[in-house]
Amino acid sequence: LAQIAQQPHDMARTWEPLEVANRLVADSTLQTMVWRTPEWLQTTAESDADVSLQPDGFLLAGPIPQGRPDVYHLRCRVPPGPLTGLRLDVQSHASLPGYGSGWGDGNFHLSGVRVEVRRATGEVTPLPLAFAASDWVRPLDGDTSPQDGPWGVLDDDPATHWDVWPSPRTPHWLAIEM
């Protein structure tokens, strides 16, 4: 597991990317984590796109100009207790193209995640992100590389990403261990 977690994109050259993701999830603490929903305090997009809380608790962002990346800032209060991970659930929505989960033909590309803790004093502390896994990894094709997949959101490279193509209508999740 340590070798796969350190260099998952190298393993994706040898194995199918989804097999790498499944091994990471099966051997990690992600299976035993208790996920708690945060209280959303502020949600903004750098493009000024609307980010709204839906009745089902999901956030809906957009519309955004086609082909332009956007950056979202999500500020929340988490329930008391240790913060050991972050889980992002994505689902389809009737307002999105093809009834998908994003604005690009129903797909999206998530190229980075940062987590910071802001204390009541105003002090901001970045939290290290150790490991990412998901229930879906896009098969390698002409638009992807072994560096793409859940691990692509942690490498500080805007060219790598996690997405859900070719199944943007299916709910998926991405979990990040701290």
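The values are calculated or read from the model by the stated rules, or taken from the named source; none is laboratory data. A quick note: this is a predicted structure, and the numbers were derived from the prediction, not measured. When we count neighbours, we look across all protein chains shown, and the Cβ atoms used for this are built from the backbone with ideal geometry, even at glycine. Side chains are part of the model used for accessible areas, which takes the heavy atoms of the whole protein and leaves out ligands, DNA and RNA. Shrake-Rupley method; radii C 1.70, N 1.55, O 1.52, S 1.80 Å.
Between ARG68 and ASP155, the FRET efficiency estimated from the beta carbon spacing at R0 = 25 angstrom works out to 0.70. Taking every protein chain into account, the 1.4 Å probe leaves TRP165 with about 90 Å² of accessible area, to the nearest ten.
What order do LEU154, LEU74 take when sorted by accessible area (1.4 Å probe), most exposed first? Let's see the in-between values first.
Values: LEU154 50, LEU74 90 Å².
If we order LEU154, LEU74 from most to least accessible, we get LEU74, LEU154.
Extension gain for the segment VAL34 to LEU127, taken as residue separation times 0.36 nm less the Cα-Cα distance, is 31.6 nm to one decimal. The phi torsions of region 147-163, fed into the Karplus equation with coefficients 6.51, -1.76 and 1.60 and a -60° offset, translate into couplings of 6, 7, x, x, 5, x, 7, 10, 9, 6, 10, x, 7, 9, 7, 10, 9 Hz, rounded to whole numbers, with Gly and Pro shown as x.
Between beta-carbons, use under 15 Å as the cut-off and find the net charge around LEU129, counting Lys and Arg +1, Asp and Glu -1. After counting each charged neighbour, the total is -3. Protein-only accessible surface at a 1.4 angstrom probe places the residues GLU177, GLU116 in the order GLU116, GLU177, largest first. Rolling a 1.4 Å probe over the protein heavy atoms leaves LEU88 with an accessible area of roughly 70 Å². Other residues whose C-beta falls under 13 angstrom from the C-beta of LEU41 contribute a net charge of +2, scoring Lys and Arg +1 and Asp and Glu -1.
For HIS93, what is the net charge nearby, where nearby means another residue's Cβ is under 11 Å from its Cβ and Lys, Arg count +1, Asp, Glu -1? My count for the surroundings of HIS93 gives 0.
Overall, the anisotropy analysis places region 53-115 in the prolate class: the square-rooted eigenvalues a ≥ b ≥ c of its C-alpha gyration tensor yield a/c not less than 1.5, with a/b exceeding b/c. Residue by residue, region 99-115 carries 3J(HN,Hα) couplings of 6, x, 10, x, 8, x, 6, x, 9, 8, 10, 9, 9, x, 9, 10, 10 Hz when phi is fed to the Karplus relation 6.51 cos²θ - 1.76 cosθ + 1.60 (θ = phi - 60°); x denotes Gly or Pro.
Any idea what the dipole of region 89-178 comes to, in debye rounded to 20, about its Cα centre with Lys/Arg Cβ at +1 and Asp/Glu Cβ at -1? Before the final figure, lay out the partial values.
Details: 5 positive and 13 negative charges, 65 e Å.
Using only the charged Cβ atoms, the result is roughly 320 debye.
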